[in-house]
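Visitor: Here it is: the structure, laid out below.
The values are calculated or read from the model by the stated rules, or taken from the named source; none is laboratory data. In this text, all values refer to a predicted model and were calculated from it rather than measured experimentally. Glycine gets a Cβ as well: all are built from the backbone with ideal geometry, and neighbour counts include every protein chain shown.
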Amino acid sequence: MKIRIKSNSIRYRLTRSDVKQLAVTGHINDKVTFGEQSLFYEIKLTDDSHLSSAFKNETITTFMPKSMISELISTDRVGFENNNEALHLLVEKDFTCLDNVAEDQSDHYPNPLAGKVSQD
């Protein structure tokens with residue numbers, strides 16, 4: 001799971017195993033450590049109808065409706081977002097990069113743009 005934070009926006013990118021774990025356990029989490037302190041981030045499945053988030057005890061928790069994870073698994077849907085709060089939330093599949101990168105991308109979703117030739 002990757003997280004990107006910019007201003008009032010949080011974007012999660014989930015690999016295939018992240019989506020599978022979230023579907024099976026209802027929860028995924030990770031952290032980044034700064035010396036003796038850590039910032040924790042997690043996604044928890046809920047019965048709610050929209051994405052929401054909270055920050056408490058050094059932990060960003062994003063609540064994702066169970067119906068959304070089912071749709072990520074069974075369809076080509078890329079992700080979900082919530083623009084209804086002051087905080088913009090986005091949870092999406094992590095696609096393989098089209099550029100050459102050193103990162104292991106074996107668990108990423110196939111990029112739908114791979115194989116398409118630019119008509120520039």
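Visitor: Which numbered condition trips up Lys6, out of (1) loosely packed, with under 11 Cβ neighbours inside 10 Å; (2) within 15 Å of the chain's Cα centre (by Cα); (3) touching a residue at least 12 places away in the same chain (Cβ under 8 Å)?
Guide: Failing condition for Lys6: (3).
Visitor: Which numbered condition trips up Lys31, out of (1) in contact with a Phe, Trp or Tyr (Cβ under 9 Å, 6 or more places away or on another chain); (2) farther than 17 Å from Leu89 by Cα; (3) modelled with pLDDT under 95; (4) among the charged types (D, E, K, R)?
Guide: With (1) in contact with a Phe, Trp or Tyr (Cβ under 9 Å, 6 or more places away or on another chain); (2) farther than 17 Å from Leu89 by Cα; (3) modelled with pLDDT under 95; (4) among the charged types (D, E, K, R) applied to Lys31, the lone miss is (3).
Visitor: Still on this model: When residues of region 1-28 are filtered for being of a type in the set (Val, Ile, Thr), assigned to a helix (DSSP H, G or I) and under 15 Å from Val91 (Cβ atoms), how many remain?
Guide: 1
Visitor: Scanning region 40-56 for residues that are modelled with pLDDT of 95 or more and hydroxyl-bearing (Ser, Thr, Tyr), which turns out surrounded by the most Cβ atoms within 10 Å (Cβ to Cβ)?
Guide: The extreme case among them is Tyr41.
Visitor: I would also like to ask the following. So which pairs qualify, if the first residue must be in region 20-41 and of a type in the set (Val, Ile, Thr), the second must be surrounded by 14 or more Cβ atoms within 10 Å (Cβ to Cβ) and assigned to a helix (DSSP H, G or I), the Cβ gap must be under 9 Å, and the two must be at least 6 apart or on different chains?
Guide: Final answer for the pair search is Ile28/Asp18; Ile28/Val19; Ile28/Gln21; Ile28/Leu22.
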